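Here is the structure we will look at.
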Amino acid sequence: MNLCRSCGEDFGSAKAFDAHRVGVHVYTYSEGAAMDPVRDDGRRCLSAEEMEAGDAFVRNALGRWSLAAHLAAARVVRDRKAEAHSGISEAAS
Ligand SMILES: [Zn+2]
């Protein structure tokens with residue numbers, strides 16, 4: 001369980017948790033909103049409405065968010081390629 005202290009949503013994996021945090025700077029969204037001029041790229045959580053509207057997240061019966069199957073599957077394929085690559089480099093050395 002990965003409960004977010006910021007928005008209170010629960011996530012099935014650290015990857016899903018990370019994916020709901022958006023923005024590129026170290027200040028929070030509310031700190032950015034208080035700046036002059038306003039900056040709207042501070043770190044914040046996606047809202048439940050935003051996660052429901054997109055195709056990246058699915059919520060199970062317990063209310064826990066996970067990455068959608070197509071994203072989880074893409075990650076598995078990438079991991080397998082990385083394993084295959086490391087096997088090749090070990091064999092070559
Ligand atoms: Zn959050």
Across the range 30-52, what is the total count of residues that are open to solvent by less than 90 Å² (accessible area, probe 1.4 Å), over 13 Å from Ser66 (Cα atoms) and hydrophobic (A, V, I, L, M, F, W, C)? 5
If you take the residues of the range 53-70 that are farther than 14 Å from Arg21 by Cα and in contact (Cβ under 8 Å) with a residue 40 or more places away in the chain, which of them is least open to solvent (accessible area, probe 1.4 Å)? Gly63
Does at least one position in the range 18-29 carry a residue that is in contact (Cβ under 8 Å) with a residue 24 or more places away in the chain, assigned to a helix (DSSP H, G or I) and hydrophobic (A, V, I, L, M, F, W, C)? yes
Can you name the residue in the range 7-29 that is open to solvent by 70 Å² or more (accessible area, probe 1.4 Å) and modelled with pLDDT of 90 or more and is also farthest from the ligand (Cβ to nearest atom) among such residues? Lys15
For Arg44, indicate whether it is over 22 Å from Ala72 (Cα atoms) and more than 13 Å from the ligand (Cβ to nearest atom). no
What are the residue pairs meeting all of these: first residue in the range 5-17, first residue within 12 Å of Gly63 (Cβ to Cβ), second residue more than 8 Å from the ligand (Cβ to nearest atom) and among the basic types (Lys, Arg), Cβ atoms under 9 Å, and 6 or more apart or on different chains? Glu9/Arg59; Glu9/Arg64; Asp10/Arg64; Phe11/Arg64; Gly12/Arg64
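The values are calculated or read from the model by the stated rules, or taken from the named source; none is laboratory data. These numbers were taken from a predicted model, which means no experiment stands behind them. Note that we place each Cβ from the backbone using ideal geometry, even for glycine, and neighbour counts take in every protein chain shown. Ligands, DNA and RNA are excluded from the accessible area calculation, which covers all protein heavy atoms including side chains. Shrake-Rupley method; radii C 1.70, N 1.55, O 1.52, S 1.80 Å.
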